[in-house]
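All of the numbers you see were taken from the coordinates with simple rules; none came from a lab. Keep in mind the model is a prediction, meaning the values are calculated, not measured. Cβ coordinates were reconstructed from backbone atoms using ideal geometry, including for glycine residues, and neighbour counts include every protein chain displayed.
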Amino acid sequence: MDNHSPEQRHRNMSAIHSSDTKAEIALRKTLYHKGYRYRKNFKGLPGKPDIVMTRYKIAIFCDSEFFHGKDWDTLHDKLLKSNNSDFWIKKISDNIERDGNVNRTLRSMGWHVIRFWNRDILKNPDECLRTIEEAVSEERMDTEEIWFTNQ
């Protein structure tokens, strides 16, 4: 059961953005201050990653907990009791499936895929940065191996 009027629900939903969310901006600022350069909302890759570090072939997604189904079993049960449950269950299930397909496609193209939940970014951006730096380090090592083998 929805606790909001249709007008209030409309205002709430229209305030949700697909890009330049608080979490994305916080993560981009953290990366920029550490000297990393990136592209945002890169249309040249499947799934249009929120942040792309082309130099290291790293695609980063900042996913909202609701729309991408964090703790899906619990969320699914809550949605069953809500208004328009069929719509939301299908939408979020499709998002989860699409995220998996995008991950597989990007990995098959040689990209390192990192997904963060928005709250994790906002609560602990340094931990997210550490994860990204590990991926950068791995990518640098792979590049060095190729460079040495090509000599």
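Counting other Cβ atoms within 10 Å as a rough exposure proxy, the listed residues Y38, Y32 run Y32, Y38 from fewest neighbours to most.
Per-residue ellipticity at 222 nm, computed for the chain from helices alone with -39500 (n - 2.57) per DSSP H run of at least four residues, works out to -18000 deg cm²/dmol. In percent, how large is the relative contact order of the chain, given Cα pairs closer than 8 Å and 6 or more residues apart? Once normalised by length, the contact order is 27 percent.
Placing +1 on the Cβ of every Lys and Arg and -1 on the Cβ of every Asp and Glu, with nothing else charged, gives the chain a dipole about its Cα centre of roughly 580 debye.
Which order do E127, E24 fall in if you start with the one that has the fewest other Cβ atoms within 10 Å?
E127, E24
For region 53-113, the gyration tensor built on C-alpha atoms gives a prolate shape. Its axis ratio a/c (a ≥ b ≥ c) is at least 1.5, and a/b is the larger of a/b and b/c. Out of all Cα-Cα pairs in region 38-151, roughly what percent, to the nearest whole number, are more than 24 Å apart? Summing the P(r) tail past 24 Å for region 38-151 gives 37 percent.
How big is the antiparallel share of DSSP beta bridges in region 22-149, given as a percent to the nearest 5? Intermediate values should be presented prior to the final figure.
Values: 5 of 11 bridges.
Antiparallel bridges: around 45 percent, rounded to the nearest 5.
Local charge for R39 was computed over the other residues whose Cβ lies under 15 Å away, with Lys and Arg +1 and Asp and Glu -1, and equals +4.
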